[in-house]
1. Which lysines does residue 253 reach when only Cα atoms under 23 Å apart count, and residues fewer than 8 places away in its own chain are ignored?
2. Which cross-chain or sequence-distant (5 or more) residues have an amide H under 5 Å from the amide H of residue 168, H modelled 1.01 Å from N in plane?
3. For region 123-160, which trypsin sites (Lys or Arg not before Pro) pass both filters: DSSP loop (anything but H, G, I, E, B) and at most 13 other C-beta atoms within 10 Å?
4. How much length is gained on full extension from residue 10 to residue 250, taking 0.36 nm per residue of separation minus their Cα-Cα distance?
5. Cα gyration tensor of region 223-268, axes a ≥ b ≥ c as square roots of the eigenvalues: rounded (a/c below 1.5), prolate (a/b > b/c) or oblate?
6. Place a point 7 Å from the Cα of residue 145 along the Cα-to-Cβ direction; which residues of region 177-209 have their backbone N under 11 Å from it?
7. Rounded, prolate or oblate: which fits region 129-193 when a ≥ b ≥ c are the square roots of the eigenvalues of the alpha-carbon gyration tensor, with rounded for a/c under 1.5 and prolate only if a/b beats b/c?
8. Residue 119 to residue 49: extension gain in nm, 0.36 nm per residue of separation minus the Cα-Cα distance?
Amino acid sequence: MRVPVVHQQARRRRARYARLLWNGAEILVTLGVVLMLLVVHQLWWTNRQAREGAERKVQALQREWEGEGDGDGGGEGDPVGGGSVSDRGSTSPGDSDSDGARSRSAPDSASSADPRPRWTQAYAVLTIPRLGLRVPVAEGISKGNVLNKGYVGHYPGTAQPGRAGNFALAGHRNTHGEPFRYVNRLRRGDRIEVETSAAVYTYVVDRTLAQTSAGDGGVIREIPRSSVRPSYGYTDPGYYLTLTTCTPEYTSKYRLVVWGKLGSMRPR
């Protein structure tokens with residue numbers, strides 16, 4: 001009867017392979033845990049932090065504006081809370097003139113009372129009743145100092161609220177509060193309100209450009225018109241609002257654009 005002989009070299013080789021497989025499995029598990037934590041941080045924690053910070057800023061702006069107002073204005077001190085904004089009157093596109101506003105002089109004269117915002121300063125509140133959204137508007141589109149805080153950023157060089165021209169805004173669609181997550185749900189006739197220390201401006205959604213290139217600067221010009229898809233946009237001066245965000249979701253390849261026209265203005 002032959003007795004099998006186990007060679008020491010073969011045994012050591014098998015043990016080495018086993019250690020390599022075990023170490024590789026440990027590395028893969030560790031990488032999986034790290035990636036999962038990164039996803040949780042991006043998709044949950046950044047949203048939570050940004051939303052809480054943005055809500056605190058909205059409340060701070062409200063308190064500041066209430067303090068600046070006189071006694072008669074105290075009853076209107078919740079411009080972006082609950083149903084108080086949603087219930088305010090607005091002007092439909094059919095009620096506005098071809099430039100999107102009833103009066104060219106009234107909005108400009110009211111908005112002249114607004115102080116010029118400093119860079120990255122939150123100075124207005126954007127409210128979109130259909131989306132249940134209220135978020136601060138800050139000067140500039142810096143990621144670190146504006147967008148990643150859950151704020152909406154105002155494109156430098158574009159018009160301010162209520163002014164003739166194009167009041168153009170950018171916001172994250174995913175992560176960091178994702179204020180523009182559902183702007184694709186906006187429809188013609190939906191109201192968008194912008195409140196400053198001087199007035200509440202109600203814009204009315206007019207047109208949507210579902211996708212254009214990230215470098216399409218025409219959509220935020222004074223008279224907004226896509227330079228990539230020229231059939232989308234306007235040809236006449238007016239009082240415009242532009243919302244821009246990334247599309248498709250979780251990418252930054254293209255831009256989604258929503259345009260509105262100024263329908264009404266109410267001084268604070």
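1. 143, 149
2. Counting only residues 5 or more places away or on other chains, the set is 155, 159, 242.
3. 143
4. Between residue 10 and residue 250, full extension yields 81.3 nm more.
5. Cα axes put region 223-268 in the oblate bin.
6. No residue qualifies, since no backbone N sits under 11 Å from the label point.
7. Oblate.
8. Between residue 119 and residue 49, full extension yields 23.0 nm more.
Taken together, the values in this text are just the output of simple stated rules run on the coordinates, not laboratory data. All figures in this text were calculated on a predicted structure; none of them were measured in a lab. Note that we place each Cβ from the backbone using ideal geometry, even for glycine, and neighbour counts take in every protein chain shown.
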